[in-house]
Every structure is written in C-alpha cells, then in structure tokens.
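First the structure, in the form of structure tokens, and then the observations on it.
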Amino acid sequence: MRRIHLLTTIALGIGLAACGTRPETPTPAPEKETAAPMTDTLAPPMAKRVPHTHIAHEHAREDPYHWLRDDDRNDPEVIAYLEAENAYTEKALAPGAAAAKTLLAELEGRIEKDDRSVPVKRRDYWYVRRYAGKSEYPIYARHAGTLDAPEQIMLDVNVLAKPYDYYAVGALAVSEGQNLLAYTEDTVSRRKYTVRVKNLETGELLPDQIPDTSGAVAWAADDKTLFYVKKDPETLRPYQVWRHTLGTPVEQDVKVFEDADEAFYVSLTRSRSRAYVQIYSQSTEVTETLYLPADDPDGAFTPVVPRRAKHEYQVWNKGDVVYIRTNDGATDFRLVRAPVKQAGDRSKWVEVIPHREGIWLGSVRLFDEWYVYEERVDGLKRLRAAKYGEPLDAHRTLPTDEQVYVMSFAGGQNPSLDTAKVRYRYSSPVTPDSIYEYDLASGERTLLKQDKVLGGYDPANYRTARLDVPARDGAQVPVSIVHRADTPIDGSAPLYVYGYGSYGYTIDPDFTASWVSLLDRGFVIAVAHVRGSQARGRRWYDDGRLMQKMNTFTDFIDVTEGLLESGYGAKGKVIAGGGSAGGLLMGAVINMRPELYRAVYAAVPFVDVVSTMLDESIPLTTGEFSEWGNPKEKPAYDYMLGYSPYDNISAQAYPAMIVTTGLHDSQVQYWEPAKWVAALRGNKTTDSLLVLDTEMETGHGGASGRFKRLERTARVYAFFLQVLDMLPAEASAAE
C-alpha cells in the first residue's frame with residue numbers, strides 16, 4: 001500500500017511545506033522538444049517527444065510529461081533534470097538555510113544519543129535494541145539468562161550500512177535453537193530484501209543468500225528450514241512463499257504457496273505461540289490465513305478459514321483453539337473462537353466479543369488466563385482486558401491520564417503467553433512514547449520506559465484538544481489538536497493541518513518530537529481524521545474510498561474552515577500537508593480550494609491516479625482496484641478522473657508548495673511528483689514558490705539513518721518560516 005512509512009516519518013515527523021519569495025520571475029517555456037530542467041528559472045519542462053498515449057487502452061490520454069518516466073532510473077536526461085530541480089530547490093530555499101541549520105540542531109538535540117529499548121525475554125535470552133552516540137543505526141543485542149550477563153551483539157547495523165548510501169534491515173528472526181539469526185536487508189530502498197543468515201555462536205555469515213524477497217522470514221522448528229516471501233519481479237507484489245533448507249542452493253528451494261490473484265499481497269510469520277508458521281494473504285476486502293505446524297516443515301499449508309468474498313479475518317492460537325477476529329456479520333469486527341482444525345466450519349464458532357456498531361475491534365493478545373484487545377472509539381484507540389469467559393460488561397479498560405491519547409500493543413513486547421502482565425505503548429500529542437507494563441490480576445501499572453525529549457521539553461507547557469467538526473453532509477469529523485499553552489486561540493496563530501484518509505489507516509494522536517520546534521514558534525497543529533480512515537469504524541473507511549472518495553477531500557476542506565472559524569488559526573497562515581496517499585489528498589484539495597492554504601507540503605505524493613491505475617506494470621496497481629476503482633470500467637474512470645490531481649490542474653493561483661520524492665520509490669514512482677510539478681509550473685498564475693526535492697539515493701521512506709532523515713524535516717520547517725515571513729532577522733540578514 002502507498003501509505004507505508006509516511007505516517008511516522010513524513011506525516012507526523014516531517015511536517016508540511018511553505019511558500020515564500022521566488023528567486024526569479026516566471027519565464028515562458030522554451031519552444032523546443034528537448035528537456036528544459038529547472039535551473040534559476042521557473043519554466044516548465046517541455047516534452048522531448050511528441051505528446052503521446054503511453055498506455056494501450058481506450059481511456060489512455062496524451063501525457064506531455066511522460067518522458068520523465070524512466071523505469072530503469074538511469075536515463076541521463078531524466079537524472080540531469082532531477083538534479084537541476086534539486087539545484088533550483090537549493091537556491092529557492094537559500095533564504096531559510098540558516099533557519100534550517102538551527103532547526104536541525106534542535107531536532108538532533110532532542111534525541112537521546114545513547115538509547116536502549118525495554119529488554120524483552122524470549123525463552124533463554126533478553127533481547128535489546130540500542131543506539132550509541134551519534135550512530136545512525138541500531139545495534140541488536142542479547143543477554144543470556146539475565147540482564148547482568150555479558151552482551152552478545154547479534155547485528156551492528158552501523159557496520160553493515162557502511163558501504164551503502166541507503167541501508168535498512170527488514171526483519172530479524174532467531175531460530176528455535178537460538179543459535180541462528182535470519183535477517184533481511186535492503187541496500188537500494190526499493191523494498192526488495194535479501195535474506196542473510198548469521199551463526200550467532202561463531203559470528204560467521206552463512207553462504208545462504210536469497211535475493212528479491214519481501215523481507216518477511218520465518219523459521220521452522222528444525223533449525224534448518226526457512227520460509228520466505230518472493231516478490232514479482234515486475235510489479236514487486238509479494239505473491240509466493242518458498243521453503244529453503246540451509247546449505248542448499250537457492251535454485252533448489254521449493255515453492256509452497258502462490259497467490260495468483262493480483263489483488264492479494266502475501267506475508268509470513270511465526271505464530272506468537274510458536275506452534276505454527278502462518279501465511280497471510282490480503283486484499284482490501286478479503287483476507288486468508290494458512291497455517292503449518294512448525295515441527296512439520298515439509299507439510300502442506302492449510303487455510304484456517306477458506307477464502308470467501310468480502311470476508312476479512314485474523315487469527316491467534318492458544319493450544320488447539322484459534323481466536324478469530326472476523327467481519328462475518330460484523331462491520332466493525334467481532335471475536336470468535338473455534339478448534340484450529342474446525343475453524344473453517346462457522347457452526348463451530350463461539351462468540352467471544354460481539355459486534356458493536358462504531359466500535360472498531362483491533363488486534364488481540366492471548367495469555368494463559370487473560371486476553372487483551374484493541375478497540376477504537378471515536379477515533380481513539382484503547383486497550384481492554386478480560387478473563388476467558390467473562391461477559392463484556394466485566395471487561396476492564398486499561399487506565400489513561402489524558403483525554404487525547406493512543407494505546408496499542410508494543411511491538412514485540414509480549415512474546416509469551418504464560419504471563420499475567422501485558423506491555424503496551426502509550427502516547428499523546430504532549431506525552432512522549434512510553435512503554436507500560438500492566439498487571440492483569442492486580443491492575444497495577446508500571447512505567448518501564450518513556451522516551452526522553454532533551455532540550456528542556458516540559459509537557460506542562462502544551463495543551464491538547466479534541467473536536468468534532470461538521471462536514472458539509474453532516475458527518476462529524478474528529479480532529480486532534482496540540483499547541484503551546486501560551487499560544488493565543490484567537491485566530492492569529494499559524495495553523496498546520498495534516499491529513500491522510502486512505503486504506504482505512506487512522507492517524508493516531510501520538511507524540512512527535514519534531515513538532516516541538518513548530519509549537520514553540522506559535523503553531524497550532526491539527527490532525528484531521530477524515531473519511532477513508534477508520535476513525536469512526538469501518539463505515540468511515542467505506543465512505544472515503546471508491547465512489548465515495550471525494551468525501552476525503554471535502555472533509556479536509558471543511559475541517560480547515562471549521563478550525564479557522566473556531567479561532568485555531570489565522571486566514572492566510574494555513575499550511576496543509578500529507579504524504580503518499582495523503583499527497584493525493586493535498587493535490588485534490590489545492591485544485592478545489594487553492595485560496596484556503598498559504599502553502600502545501602506533498603511528500604512522495606500519489607497524484608497521477610488515472611494513469612497509474614491504468615498501468616498494471618506499476619507496483620501496487622492491480623492490488624488497489626478495490627481502494628480507488630478500476631479505471632478500465634467507465635464509471636470508475638470518470639469518477640477518478642474527476643479528482644486525480646494531475647488531471648485537474650488548471651490556470652489558477654496555487655499556494656506555495658514543496659514536493660518531495662525519492663528516485664528509488666517503489667510505491668509512488670518518482671515520475672508522478674516530477675510530472676505534477678512540471679504541469680503545475682505551466683499552469684499556476686502567481687509567482688508562489690514551487691520546488692521539487694528528490695533524494696537520489698532513497699525511496700518511499702526517505703533516508704535510512706535516524707539523524708540523516710532529520711535534514712529534510714529541518715528544511716521543510718524552515719520553508720514554513722520562510723513562507724510565513726517568520727524567519728529570524730539574523731537569518732534573513734545573513735542572506
């Protein structure tokens with residue numbers, strides 16, 4: 001899905017764009033059929049070939065900027081064009097360069113350099129992830145028996161990353177005997193991972209290397225069999241599961257599963273009980289889980305519940321019983337249980353948690369005597385706990401201290417079933433990420449770790465609020481707000497509004513350390529939980545996709561106007577932003593209401609909707625027909641054409657914009673934002689600043705290092721200040 005990464009690194013961690021003074025006035029486009037990359041002018045590039053239809057389909061249209069597409073990413077003219085755009089961006093943002101340096105120092109200064117995760121006990125070892133000093137990447141380590149035992153470094157990612165401009169570890173999996181580590185690595189940022197295996201006793205890397213995988217791996221119980229997911233070489237769709245035996249050539253690996261339906265994406269895991277290896281195949285409206293006993297690696301995978309139309313489910317097992325989160329007769333999901341081997345027979349299902357309209361049931365963790373589950377009510381995610389067999393009214397809600405917050409299971413912090421304690425993550429717009437341990441029997445809550453925010457941050461200096469803003473059709477759109485306590489809510493503050501609204505993904509109101517730099521400069525920050533998310537349950541999602549997608553865009557506009565009417569921001573000082581599918585939101589909004597926003601930040605934006613969805617050779621296309629529609633069907637084509645940002649550019653006064661992309665992006669190909677910027681330049685009627693910032697070594701997620709990625713954040717925030725005439729006097733004078 002096109003949403004991956006942005007919610008943490010882009011949407012909530014980077015911020016939005018700005019506008020400002022242009023270094024040059026617009027010049028006419030040159031009348032020639034060669035590329036005209038931006039240098040110190042603002043003319044749009046011309047097509048280097050006669051405009052043509054590039055998709056063999058009856059609905060295909062002429063695309064004058066199609067020449068910017070280069071599937072191999074090595075066309076010298078295209079690379080030169082992107083580099084020239086970057087040079088122009090540097091010049092355009094020069095007035096804010098000193099502010100960007102100040103902001104970068106602030107952002108880096110809030111990060112605890114020597115950081116360590118909460119240790120997790122998995123069988124015979126305590127596992128930790130830690131950072132040291134100014135290192136960009138984590139060190140994965142463990143201690144045998146007790147935390148006082150000597151540290152064994154499993155992976156020092158800083159060492160692994162040295163030869164590369166980009167490096168990311170996808171997954172780590174320790175074998176049953178705990179002496180082998182399988183890990184996956186991406187050195188290009190195309191999310192094509194190579195599986196590697198390390199002997200933890202000797203420190204040597206085994207010769208086994210498996211390229212072009214999704215990054216998911218799972219061990220069988222025999223310490224020699226490894227399952228992995230292979231990607232389609234053209235579309236990058238994860239679609240096959242293969243079995244590898246250590247010490248044998250990859251060419252001898254055995255395919256154990258393939259999903260031929262191009263709408264489905266395949267993943268793989270070892271069950272939390274460790275009893276099974278599980279394959280999970282998912283589309284927008286259908287899911288299926290298959291299982292294999294981990295001690296029978298040569299056996300066949302069996303569906304837990306066979307696939308059927310419109311049925312979505314997840315499973316967790318406890319002994320011979322499986323718990324199933326299902327939408328069967330339940331729009332917002334319910335929980336049932338059944339014997340593992342009879343789970344496909346719905347007559348064997350026993351209801352555990354009934355369906356409750358508008359209360360979205362999320363993930364579940366099973367323990368020996370208890371189970372804990374996530375649910376979302378009015379956009380806020382919380383945790384509830386119960387003993388097996390207890391009625392719903394006896395379930396207890398884990399405690400919170402704030403009205404705006406998010407609770408969720410802490411990733412990897414609950415590996416065992418044989419405990420009466422659950423670990424969870426807690427955060428709010430003013431409370432840094434925290435890991436709590438909750439005793440299910442006594443109700444005692446213990447704070448294990450709270451991220452340190454250096455530089456004098458004090459949550460008492462900030463305020464949060466939760467509003468429901470009416471949309472034009474009467475729907476109540478939840479909005480999460482944060483600002484300094486001394487920021488006046490009188491219609492004078494700069495307002496930063498973020499939105500996403502796709503794939504049913506809800507932006508939770510958690511803490512973002514980088515926001516402090518904006519809040520301390522008087523910004524009010526608001527997250528609009530528009531339709532297309534699941535803030536108010538599954539219907540909220542269905543009302544923001546397919547032929548209801550326009551609700552996502554109008555919700556965002558209505559929220560912006562509602563916030564201005566309520567005094568949360570000043571007209572003429574509103575910045576909007578979103579990334580990936582949220583970049584689609586930005587593109588649609590500025591076509592519809594450009595005057596409402598002073599500036600827009602569009603990160604890796606999905607803006608050429610119709611052309612992309614007509615081209616099934618592009619990653620993520622066929623699997624997303626149930627999200628956007630299939631444009632080969634005329635009603636869907638007409639509807640999508642009505643909002644596709646690239647197709648609705650017109651001669652009007654667009655706000656200032658900063659648009660970012662990565663050359664190796666596998667989810668939103670770099671040429672979408674590049675073409676969009678070119679077309680905007682050729683149509684906008686004002687001299688508002690428009691820049692394209694392309695990272696030439698990265699993909700959808702941006703830079704891989706924890707400090708390196710802050711450079712773009714600082715640049716974007718400086719752009720905010722530049723456009724709002726908020727640059728410090730000394731910074732302006734320095735230029």
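Each reported figure results from applying straightforward, stated rules to the coordinates on display, with no laboratory input. Computed from a prediction, not measured in an experiment: that's the story for all the values here. Every residue, glycine among them, receives a Cβ derived from its backbone with ideal geometry; neighbour counts consider all protein chains shown.
Put a dot 7 Å past each Cα toward the Cβ at Glu285 and Ser492; how far apart are the dots in nm?
5.3
Answer with one residue from Ser347, Thr269, Pro249: the one whose Cα lies farthest towards the positive end of the charge dipole of the chain, charges on Cβ with Lys, Arg +1 and Asp, Glu -1.
Positive-most Cα among the choices belongs to Ser347.
What is the magnitude of the charge dipole of region 310-440 about its Cα centre, with +1 placed on the Cβ of each Lys and Arg, -1 on the Cβ of each Asp and Glu, and no other charges, expressed in debye to the nearest 20?
Approximately 320 debye in magnitude.
Would you work out which of Phe333, Ala385, Val691 lies farthest towards the positive end of the dipole of the chain, given +1 charges on the beta-carbon of Lys and Arg and -1 on that of Asp and Glu, about the Cα centre?
Highest projection toward the positive end goes to Ala385.
Quickly work out the Ser650-to-Thr248 label distance, labels modelled 7 Å from Cα along the C-beta direction, and quote it in nm with one decimal.
About 6.3 nm, to one decimal.
With each run of n ≥ 4 DSSP H residues scored as -39500 (n - 2.57), what mean residue ellipticity at 222 nm is computed for the chain after dividing by its residue count and rounding to the nearest 500 deg cm²/dmol? Please list the in-between numbers first.
Working: 13 runs with 122 residues, N = 735.
Rounded to the nearest 500, the figure is -5000 deg cm²/dmol.
What FRET efficiency would be calculated for the residue pair Glu62, Asp473, taking the C-beta separation as r and a Förster radius of 35 Å, to the nearest 0.05?
Details: r = 36 Å, r/R0 = 1.02.
Result of the calculation: an efficiency of 0.45.
Which entries in the list Lys134/Lys231; Lys310/Lys348; Lys549/Lys573 go over 24 Å, if you measure between the two C-alpha atoms of each? Can you show the working numbers first?
On the way: Lys134/Lys231 35 Å; Lys310/Lys348 20 Å; Lys549/Lys573 27 Å.
Pairs exceeding 24 Å: Lys134/Lys231; Lys549/Lys573.
Taking the alpha-carbon distance from Lys381 and a cut-off under 22 Å, which lysines remain once sequence neighbours fewer than 8 residues away in the same chain are dropped?
Output for Lys381: Lys421, Lys449.
At 0.36 nm per residue, minus the direct Cα-Cα distance, what do Asp393 and Asp520 gain on full extension? Give it in nm, one decimal, please. Walk me through the numbers on the way to the answer.
Working: separation 127, 0.36 × 127 = 45.72 nm, distance 4.35 nm.
Extending this stretch completely gives an extra 41.4 nm.
Taking the Cβ-Cβ separation of Glu351 and Glu136 as r and a Förster radius of 56 Å, what is the calculated FRET efficiency to the nearest 0.05? Walk me through the intermediate numbers first.
Numbers: r = 49 Å, r/R0 = 0.87.
FRET efficiency, Glu351 to Glu136: 0.70.
About its Cα centre, how strong a charge dipole does region 436-493 have in debye, to the nearest 20, once Lys and Arg get +1 and Asp and Glu get -1 at the Cβ? Write out the running numbers ahead of the final one.
Values: 7 positive and 9 negative charges, 27 e Å.
With only Lys, Arg, Asp and Glu charged at Cβ, the dipole is about 120 debye.
Shape of region 66-213 from its Cα gyration tensor (a ≥ b ≥ c, root eigenvalues): rounded if a/c is under 1.5, otherwise prolate when a/b > b/c, or oblate?
On the way: a/c = 3.79, a/b = 1.55, b/c = 2.44.
Verdict is oblate for region 66-213.
Take the Cβ-Cβ distance between Asp368 and Asp71 as r, set R0 to 45 Å, and report the resulting FRET efficiency rounded to the nearest 0.05. Write out the running numbers ahead of the final one.
Working: r = 53 Å, r/R0 = 1.17.
Working from the Cβ atoms, E equals 0.30.
Residue separation times 0.36 nm, minus the C-alpha to C-alpha distance between Leu641 and Asp212: what's the value? Let's see the in-between values first.
Details: separation 429, 0.36 × 429 = 154.44 nm, distance 3.44 nm.
Stretched out fully, the Leu641 to Asp212 stretch lengthens by 151.0 nm.
About the Cα centre of the chain, what is the dipole size in debye to 20, counting +1 per Lys and Arg Cβ and -1 per Asp and Glu Cβ, all else neutral?
Working: 85 positive and 103 negative charges, 269 e Å.
That gives the chain a dipole magnitude of about 1300 debye.
Evaluate the relative contact order of the chain (contact order divided by residue number), counting alpha-carbon pairs under 8 angstrom at least 6 apart; express in whole percent.
Numbers: 1816 pairs, mean separation 118.4, N = 735.
Result for the chain is 16 percent.
In sequence order, what are the phi-derived ³J(HN,Hα) couplings for region 680-696 according to the Karplus relation 6.51 cos²θ - 1.76 cosθ + 1.60 with θ = phi - 60°, rounded to whole Hz, with x for glycine and proline?
4, 4, x, 10, 5, 9, 10, 9, 4, 5, 9, 10, 10, 10, 10, 7, 7
Using +1 at the C-beta of Lys and Arg and -1 at the C-beta of Asp and Glu, which of Val479, Tyr438, Trp67 has the Cα lying farthest in the positive direction of the dipole of the chain?
So the residue we want is Tyr438.
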